[in-house]
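Here is the structure we will look at.
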Amino acid sequence: MREYRGGLVAYAERMLGDHGLAEDVVQETIIRAWRNIDRLLATERSVRGWLYTVTRHLVVDWVRKPYARRELVGAACPVTSTGDDGTGRVRDAMVAEPLLRRLSPEHRAVLVHIYLCDRTIQETAGILGVPAGTVKSRHHHALRKLRHAVEHEAA
């Protein structure tokens, strides 16, 4: 495992865009290898190939889970401190949260990744497991819906 761990983590991280999650996937890969060690060593197939295949399958499984994308939304965003007492952030959250709740989870996730986590369209697409065009479309429609909601409340 010492021989392959670093490469497996790098491989999973390239697909997921998240180092911590990549380490979790590789840990699960290693557990599966340990549980199947007799079969794995008895075969003439490449151990390295088996490990990379299992890692790829675990990444695909994780990306396909609908709840996985929603859990990631707040988990990977660093909390920054500006040195103030936090009242401005609390006020902003009180205004923004009800507006964001009006959006679908998919639209909300795109806005959180782009604006709160300061990610690019490509990074967001990789994390959410959707094409960049889908991220752009969700971004556009989410902002349009937010603008409409703010205009409606102001009127």
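Which of the residues that make up region 144-155 are open to solvent by less than 100 Å² (accessible area, probe 1.4 Å) and modelled with pLDDT of 90 or more? Working first, answer last.
To start, the set of residues in region 144-155 that are open to solvent by less than 100 Å² (accessible area, probe 1.4 Å) comprises 146, 149-150, 154.
None; the set is empty.
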Residues satisfying the stated conditions in region 1-51, i.e. part of a loop (DSSP other than H, G, I, E, B) and open to solvent by 40 Å² or more (accessible area, probe 1.4 Å): MET1, ARG2, GLU3, TYR4, GLY17, ASN36, THR43, GLU44, ARG45, SER46
In region 109-126, the residues that are open to solvent by less than 20 Å² (accessible area, probe 1.4 Å) and hydroxyl-bearing (Ser, Thr, Tyr): THR124
Single residue of region 104-155 satisfying the filter (assigned to a helix (DSSP H, G or I) and polar (S, T, N, Q)) that is farthest from LEU21 (Cα to Cα): SER137
Pairs where the first residue, in region 135-155, is farther than 15 Å from ALA96 by Cα and the second is polar (S, T, N, Q) and assigned to a helix (DSSP H, G or I), C-beta under 6 Å, 6+ apart: VAL135/THR124
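The values are calculated or read from the model by the stated rules, or taken from the named source; none is laboratory data. Note that the structure is predicted; figures quoted are calculated from it, not measured. As a convention, Cβ positions derive from the backbone with ideal geometry for all residues, glycine included, and neighbour counts pool all protein chains shown. Only protein heavy atoms, including side chains, enter the accessible area calculation; ligands, DNA and RNA are left aside. Shrake-Rupley method; radii C 1.70, N 1.55, O 1.52, S 1.80 Å.
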